[in-house]
Amino acid sequence: RKTESPVVRRYIASGLMRLRLEDRWAPLAALLSNRVDANDHNLPLLDWYAFEPMATVDAARALHLAEFAKIPNILTYTVRRIGAMEGEEPLEALTAALGDEQNQGRQEAILRGMNDALRGRRSVAMPDGWQGVEAKLFDSKDDGVRALVRTAGVTFGSAKALAATKQTLVDASAPVADRQAALDALLN
């Protein structure tokens, strides 16, 4: 927590991969809360490599730790890892976390991770609570959140998301990037 040396933090992150998973929580919490490492070339990925298997130990705890991490992409990567796990419970837990989240940046990170986890999967059952979360975020002030919630909704078979995505695709006045994202969502 107190060292100012990135070399020491690099050694700690590398050494964590040799520890038992149960023993990694406290050091990982310290590493992930260090904003100084956010722009480092290597440390964010080393932190992620040490943190990645924690989702299989305790997904809720890993998600909570990732939500407050100061290291970029940790939340998105963690959500993607949890979303790729088997069963309905991981997506339901992510949906609940998304519904509770008020910060638009974290909402976008969660949705990006969910969409990454769902990419290439067909006929994914809609998680419990998704319709409420979708209704809440469908009219978000953030364009990125709206686009990502529509993409996830299409994957879950949401009629509302499917209609909105088709409308965006055929709207000639919509930005090209939005139309391309809509096409990608429908193709996936």
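The values are calculated or read from the model by the stated rules, or taken from the named source; none is laboratory data. The structure presented is a predicted model; accordingly, all values stated were derived computationally and were not measured. With ideal geometry, Cβ positions are generated from the backbone for all residues, glycine too; neighbour counts draw on all protein chains shown. With ligands, DNA and RNA removed, areas are computed over all heavy atoms of the protein, side chains included. Shrake-Rupley method; radii C 1.70, N 1.55, O 1.52, S 1.80 Å.
Scan the range 70-78 and give yes if some residue there is part of a helix (DSSP H, G or I), open to solvent by 50 Å² or more (accessible area, probe 1.4 Å) and either at pLDDT 95 or above or touching a His at 6+ places or on another chain (Cβ under 7 Å) (or both), otherwise no.
For the range 70-78, residues part of a helix (DSSP H, G or I), open to solvent by 50 Å² or more (accessible area, probe 1.4 Å) and either at pLDDT 95 or above or touching a His at 6+ places or on another chain (Cβ under 7 Å) (or both): present.
Okay, residues lined up against (1) charged (D, E, K, R); (2) closer than 17 Å to D184 by Cβ; (3) open to solvent by less than 10 Å² (accessible area, probe 1.4 Å):
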| residue | (1), (2), (3) |
| --- | --- |
| G132 | no, no, no |
| F138 | no, no, no |
| G144 | no, yes, no |
| L148 | no, yes, no |
| A152 | no, yes, yes |
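If you check L111 against the conditions, is it open to solvent by less than 10 Å² (accessible area, probe 1.4 Å), in contact (Cβ under 8 Å) with a residue 40 or more places away in the chain, assigned to a helix (DSSP H, G or I) and aliphatic (A, V, I, L, M)?
Against the criterion (open to solvent by less than 10 Å² (accessible area, probe 1.4 Å), in contact (Cβ under 8 Å) with a residue 40 or more places away in the chain, assigned to a helix (DSSP H, G or I) and aliphatic (A, V, I, L, M)), L111 qualifies.
Looking at (1) out of contact with any Lys or Arg (no Cβ under 7 Å at 6 or more places or on another chain); (2) in a helix (DSSP H, G or I); (3) at pLDDT below 90; (4) of a type outside the set (F, W, Y), which one does T165 not meet, given that it meets all the others?
(1)
Which of (1) open to solvent by 50 Å² or more (accessible area, probe 1.4 Å); (2) in contact (Cβ under 8 Å) with a residue 40 or more places away in the chain; (3) in a helix (DSSP H, G or I) is the odd one out, the single condition E92 does not satisfy?
Status for E92: all satisfied but (2).
Look through the range 5-31, keep the residues that are farther than 20 Å from R61 by Cα and of a type outside the set (G, A, S), and return whichever of them is least open to solvent (accessible area, probe 1.4 Å).
The selected residue is R9.
Check the range 128-140 and report whether any residue there is farther than 23 Å from P90 by Cβ and touching a Leu at 6+ places or on another chain (Cβ under 9 Å).
No, the range 128-140 contains no residue that is farther than 23 Å from P90 by Cβ and touching a Leu at 6+ places or on another chain (Cβ under 9 Å).
When you scan the range 164-181, how many residues do you find that are open to solvent by 80 Å² or more (accessible area, probe 1.4 Å), of a type in the set (G, A, S) and under 25 Å from the mean Cα position of the chain (by Cα)?
Counting residues in the range 164-181 that are open to solvent by 80 Å² or more (accessible area, probe 1.4 Å), of a type in the set (G, A, S) and under 25 Å from the mean Cα position of the chain (by Cα) gives 0.
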